[in-house]
Each structure stands twice: as structure tokens, then as C-alpha cells.
Amino acid sequence: MSVRTLKQVIPSVPTSDGAGVKLRRSLGSQRGLYVDPFLMLDEFSTDNPDDYIAGFPAHPHRGFETVTYMLDGHLLHEDHLGNRGDLKSGGAQWMTAGRGIIHSEMPQQAEGRMRGFQLWVNLPASEKMKPAWYRDIEPHEIPTVTLADGGTARIIAGSIHVAGVQTDGVITDRSTDPRYLDVELPNGSLFHYGLPDDYNAFIYLYEGMLLVGAGEDARALKPQSGGVLSRGNRITVTADNGAARFLLLAGKPIEEPVVQYGPFVMNTREEVEQAVRDYQNGTLTK
């Protein structure tokens, strides 16, 4: 087996989005800084309500999917389709913008911690104009497995094999075959994960320290940083100098042009310009 190595480190950078929500962005922090099929990853984590209280008022999307995963706090999702989802601690939501969706995500708390992630997953050209779709994922719906060397993994998308047993996550039917795991490891624990060699993989470390790779090829990854992994059919990481917690993201690359303008992600400039016109004249979602 070929073990993947840490090819590139992408530190997250402070920014804001929505109506002024403070967050840290790794993927997508610069134009073209993608790991196909993943376009953007934001981490939000604060105890100060001034950093999140304004939320994300109604706004459009077209051409990709968003995955919001909440560790702490309470957000309310509402969209033009009539979907209403309470996103609470430990829960997630998977939204396919497709042809177009207009939605909002607003805090349902005036104090306390707000902590979680939003991931953007690209869609192939053949799916960018399909009907919008939404799935609210309750905390109890996300499988949690105990790992062979200690620790746990929550499986939002994809699957994991432990001791010869496969456990599937909530989302398993996307053309990019996304894997989205939240892994927690005690100090010194190893985590192994098999993956097709041609899939792209990215780790975002949000607590502790990790060694990525095996033996002399292992490299350290610091918290609030993303790691782009090399090709290979096995991922090996070790919690170093304390417990660690990270997101593992992997998927089948689309290998198509990406043209992004704000909340619209298409394959050509003309398609993006059409999306802007559709939103302006009220036909984005029709």
C-alpha cells in the first residue's frame, strides 16, 4: 500500500462573510485554491455573539453544494422551497443548490458558543442545473464508530471500515463520492483510512497536533491549518503531543473548469453572467 504524504499546507486566514460573521477560511481563501471537488472550507468558532449574531441573511447559490456541520450552537436554515431546518450541536445540513436556491442561516441564540464548519462541494457540469435539494441531518443520524487504535470517527458522508465492518455515513449517493469524517484521536493514536488512489484528499486540523504520513515521510500539521495530501491508497495520521481532532475530506475529482463569482460556481464566464442575470430578474430558481 502507498501511504499519502502531506503535499501542501493551507493555513486558514481570518475573514468574514454573510452579514459580518467572523470565521477562518482555508480552501477558497485565494482564487483557485481548491482541492477538486472541494471549493471552500470555513471554520467559525467564537464565544462572542458580536462575531456571529448578524448571521447569513437570504442569499443565492447556483452550481454547487454546501455542507454545514455544527459542533456547538443553533442555526436556523430557511429557503425558497419552504425547507426549514434547525441545525443544532452535532447536526449537519446538506444543500444542493443546483440550478438555484435562495436561503438564510440565522443564529437562534443571543449568547454562548457558535462553532462549526461550512464546506462547498462542486458539481459536475451535467448536474449544475438540476433541481435544488435539501437534507437536514439530526445529530443522532450521524454514525459514530470507535477506531481500532482508539478515538472515534463521525461519518457525515462516505464510509469507513473498522475491524472488517463497513459503516456508511448519511450521504453516500453523490457523483463525486465525497468522504466527510470528523475524527477525534487520543494522544499517540494512529488513524488509517483506505481511499482510491485517484481521489483527492484534504485534512483540516482544528484541535491539537497531527503527524501526517508514516515513518520518515511524516510531517507535522498545526491547528487551524489544512493539509493537501499526495496520491496514494492509504491515509495514515498520528495524534502528536496530545489529543487531536480533524476533518477528513476526500472525493472523486471532477476535472472541469471552475469559474466562480461570489455565490455562483459554473464552468464558463458566460454561465456565471447568466446566473447573475437570472438572480437579478427573479428567475434563478425557476
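The values are calculated or read from the model by the stated rules, or taken from the named source; none is laboratory data. All values derive from a computational prediction rather than experimental measurement. With ideal geometry, Cβ positions are generated from the backbone for all residues, glycine too; neighbour counts draw on all protein chains shown. For the accessible areas, the whole protein counts, side chains as well, though only heavy atoms, and no ligand, DNA or RNA atoms are used. Shrake-Rupley method; radii C 1.70, N 1.55, O 1.52, S 1.80 Å.
Tell me, yes or no, whether the range 197-204 has at least one residue that is surrounded by 15 or more Cβ atoms within 10 Å (Cβ to Cβ) and more than 21 Å from Asp36 (Cβ to Cβ). No: zero hits. Per the conditions (1) over 25 Å from Pro253 (Cα atoms); (2) exposed (fewer than 14 other Cβ atoms within 10 Å of the Cβ); (3) charged (D, E, K, R), the sole criterion not satisfied by Glu184 is (2).
Could you tell me which residue of the range 139-152 is nearest to Gly188 (Cα to Cα), considering only residues that are in a strand (DSSP E or B) and open to solvent by 30 Å² or more (accessible area, probe 1.4 Å)? For the range 139-152, the residue satisfying everything is Thr152. Listed by position, the strands (runs of 3 or more DSSP E) enclosed by the range 90-138 that each have at least 2 residues that are open to solvent by 10 Å² or more (accessible area, probe 1.4 Å) are 101-107, 114-122, 133-137. Of the numbered criteria (1) of a type outside the set (S, T, N, Q); (2) surrounded by 17 or more Cβ atoms within 10 Å (Cβ to Cβ); (3) farther than 30 Å from Ser126 by Cβ, the one Gly85 fails is (3).
Within the range 241-264, being out of contact with any Asp or Glu (no Cβ under 9 Å at 6 or more places or on another chain), more than 14 Å from Ala153 (Cα to Cα) and surrounded by 19 or more Cβ atoms within 10 Å (Cβ to Cβ) holds for Gln260, Pro263. Of the candidates Ala58, Ala54, the single residue that is touching a residue at least 12 places away in the same chain (Cβ under 8 Å) and assigned to a loop (DSSP other than H, G, I, E, B) is Ala54. Going by the conditions given, is Gly32 outside any strand (DSSP E or B), farther than 20 Å from Gly112 by Cα and not hydrophobic (A, V, I, L, M, F, W, C)? Considered against the rule, which asks whether it is outside any strand (DSSP E or B), farther than 20 Å from Gly112 by Cα and not hydrophobic (A, V, I, L, M, F, W, C), Gly32 comes out as yes. Is it the case that Asn233 is among the polar types (S, T, N, Q), over 30 Å from His61 (Cβ atoms) and more than 19 Å from the chain's Cα centre (by Cα)? Answer is yes for this residue.
Inclusion of Gly232 among residues that are part of a loop (DSSP other than H, G, I, E, B), open to solvent by less than 40 Å² (accessible area, probe 1.4 Å) and closer than 26 Å to Gly32 by Cβ is warranted. When Met95 is tested against (1) modelled with pLDDT under 95; (2) under 17 Å from the mean Cα position of the chain (by Cα), just one condition goes unmet, and that condition is (1).
Here is a yes/no grid of residues against (1) open to solvent by less than 10 Å² (accessible area, probe 1.4 Å); (2) farther than 26 Å from Tyr199 by Cα; (3) touching a residue at least 60 places away in the same chain (Cβ under 8 Å):
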| position | (1), (2), (3) |
| --- | --- |
| Asp17 | no, yes, no |
| Gly20 | no, yes, no |
| Arg25 | no, no, no |
| Tyr34 | no, no, yes |
| Glu43 | no, no, yes |
